[in-house]
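Trainee: Encoded as structure tokens, here's the structure I'll be asking about.
The values are calculated or read from the model by the stated rules, or taken from the named source; none is laboratory data. A quick note: this is a predicted structure, and the numbers were derived from the prediction, not measured. Cβ placement follows ideal geometry from the backbone for every residue including glycine, while neighbour counts extend to all protein chains displayed.
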Amino acid sequence: MGMLLNPKELINGVNPRIAKQIAIACRFGWERLDSIANGIKETPETTRGHLLLLQEAGYIESSDFNGIECWKCSESGLNTLPLARFGKPMTRREAEKLLQQVLERVQSYNDIEEYPYLITEVKIFGSYLTETDSLGDLDLALSIEVKDKFKKVYGWELAYFSMRGGSQTMSVIDRQMYPKNELSRFLKKGSRKVSIHLDDISEITDKWEVIYEGDPK
């Protein structure tokens with residue numbers, strides 16, 4: 001669940017591009033100041049100033065390990081800044097129209113027999129559930145099931161990839177991921193403002209609404 005950043009709007013006084021770089025540097029756990037400074041190509045003094053401002057905003061945490069000051073992303077920072085993208089926000093009216101279009105494509109996908117999945121549930125989370133009228137991405141979490149005729153075939157993902165005429169230069173992993181990536185592309189229809197999540201989102205948020213329930217077949 002990334003956030004949408006305006007490159008011209010500071011994050012509590014920090015350039016948003018630098019804020020994202022710092023979050024990426026701190027996303028795996030505690031990092032020393034000098035390591036973060038090297039990663040963003042700033043002096044330790046300047047970097048520490050950025051870190052303090054991001055800590056004040058709730059994106060970064062600090063701790064002392066044997067006299068060495070270390071920093072890491074807070075839960076809020078980890079779930080937003082590293083995955084953030086830069087772009088123009090949507091109005092709520094635009095988001096509602098886009099959501100309706102995506103839900104129509106969800107039903108269309110389910111109605112197409114040749115596709116391997118059934119979308120059984122769609123949840124919406126993120127900025128759409130806030131009261132703001134300036135929204136970031138449309139964050140949607142999908143629950144999917146493999147249709148019986150596909151799951152009966154061992155290694156069905158690779159067979160499906162071959163049937164769909166995918167590029168033979170793709171790696172085995174990319175070929176196995178082809179059905180899910182195809183699903184995501186179908187629903188997004190080229191929109192960069194739609195984020196499709198196929199993993200369990202309970203690890204990153206406890207706030208969502210179920211907006212579509214399909215019948216498993």
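Trainee: Going by the conditions given, is residue 157 assigned to a helix (DSSP H, G or I), crowded, with 17+ Cβ neighbours inside 10 Å and out of contact with any helix residue (DSSP H, G or I) (no Cβ under 6 Å at 6 or more places or on another chain)?
Mentor: Numbers: assigned to a helix (DSSP H, G or I): yes; crowded, with 17+ Cβ neighbours inside 10 Å: yes; out of contact with any helix residue (DSSP H, G or I) (no Cβ under 6 Å at 6 or more places or on another chain): no.
The answer is no for residue 157.
Trainee: Still on this structure, please answer the following. Filtering the stretch 66-93 down to residues that are in a helix (DSSP H, G or I) and in contact (Cβ under 8 Å) with a residue 40 or more places away in the chain, which residue is nearest to residue 202 (Cα to Cα)? Write out each step before concluding.
Mentor: Narrowing the stretch 66-93 to residues in a helix (DSSP H, G or I): 75-78, 81-83, 92-93.
When the remaining residues are screened for being in contact (Cβ under 8 Å) with a residue 40 or more places away in the chain, the result is 77-78, 81-83, 92.
Values: 77: 16, 78: 14, 81: 18, 82: 18, 83: 17, 92: 25 Å.
Top of the filtered list is 78.
Trainee: Residues to consider are 138, 142; find the one that is within 29 Å of residue 101 (Cβ to Cβ), under 23 Å from the mean Cα position of the chain (by Cα) and modelled with pLDDT under 95. Reasoning before the result, please.
Mentor: Details: 142 fails: modelled with pLDDT under 95.
Every option except 138 fails the conditions.
Trainee: Here's a follow-up. Across the stretch 172-210, what is the number of residues that are closer than 17 Å to residue 108 by Cβ and either among the hydroxyl-bearing types (Ser, Thr, Tyr) or not assigned by TED's automatic domain parsing to the domain that holds residue 115 (or both)?
Mentor: Of the residues in that region, 2 qualify.
Trainee: Applying the selection to the stretch 70-92, what residues are modelled with pLDDT of 95 or more and either exposed (fewer than 14 other Cβ atoms within 10 Å of the Cβ) or among the aromatic types (Phe, Trp, Tyr) (or both)?
Mentor: Of everything in the stretch 70-92, just one residue is modelled with pLDDT of 95 or more and either exposed (fewer than 14 other Cβ atoms within 10 Å of the Cβ) or among the aromatic types (Phe, Trp, Tyr) (or both), namely 71.
Trainee: In the stretch 1-39, what count of residues is obtained for those that are charged (D, E, K, R) and farther than 20 Å from residue 89 by Cβ?
Mentor: 4
Trainee: Moving to a separate point now. Just to check your reading of the model, which residue among 162, 143, 184, 202 is among the polar types (S, T, N, Q), loosely packed, with under 11 Cβ neighbours inside 10 Å and out of contact with any Leu (no Cβ under 7 Å at 6 or more places or on another chain)? It would help to see each step written out before you state the result.
Mentor: On the way: 162 fails: loosely packed, with under 11 Cβ neighbours inside 10 Å; 143 fails: loosely packed, with under 11 Cβ neighbours inside 10 Å; 184 fails: loosely packed, with under 11 Cβ neighbours inside 10 Å.
Residue meeting the stated conditions: 202.
Trainee: Checking residue 22 against (1) exposed (fewer than 14 other Cβ atoms within 10 Å of the Cβ); (2) under 28 Å from residue 202 (Cα atoms), only one condition comes out false. Which one?
Mentor: (1)
Trainee: Could you check, for the stretch 104-112, whether at least one of its residues is outside the structural domain of residue 39 (by TED's automatic domain parsing), at positive phi and part of a helix (DSSP H, G or I)? Steps first, please.
Mentor: The initial filter retains those residues of the stretch 104-112 that are outside the structural domain of residue 39 (by TED's automatic domain parsing), namely 104-112.
Narrowing further to those that are at positive phi: none.
So far as the stretch 104-112 goes, no, none of its residues is outside the structural domain of residue 39 (by TED's automatic domain parsing), at positive phi and part of a helix (DSSP H, G or I).
Trainee: Does residue 127 count as surrounded by fewer than 18 Cβ atoms within 10 Å (Cβ to Cβ), small (Gly, Ala, Ser) and not in a strand (DSSP E or B)?
Mentor: Numbers: surrounded by fewer than 18 Cβ atoms within 10 Å (Cβ to Cβ): no; small (Gly, Ala, Ser): yes; not in a strand (DSSP E or B): yes.
Criteria not met by residue 127.
Trainee: Okay, moving on. Quick test of your reading of the structure: residue 13 fulfils all but one of (1) exposed (fewer than 15 other Cβ atoms within 10 Å of the Cβ); (2) in contact (Cβ under 8 Å) with a residue 12 or more places away in the chain; (3) within 23 Å of the chain's Cα centre (by Cα). Name the failing condition by number.
Mentor: The one condition residue 13 does not meet is (3).
Trainee: Given the criterion within 29 Å of residue 90 (Cβ to Cβ) and part of a loop (DSSP other than H, G, I, E, B), identify the matching residue among 199, 215. Please lay out each step first, then the result.
Mentor: On the way: 215 fails: within 29 Å of residue 90 (Cβ to Cβ).
Step by step, each of 199, 215 is checked, and only 199 is within 29 Å of residue 90 (Cβ to Cβ) and part of a loop (DSSP other than H, G, I, E, B).
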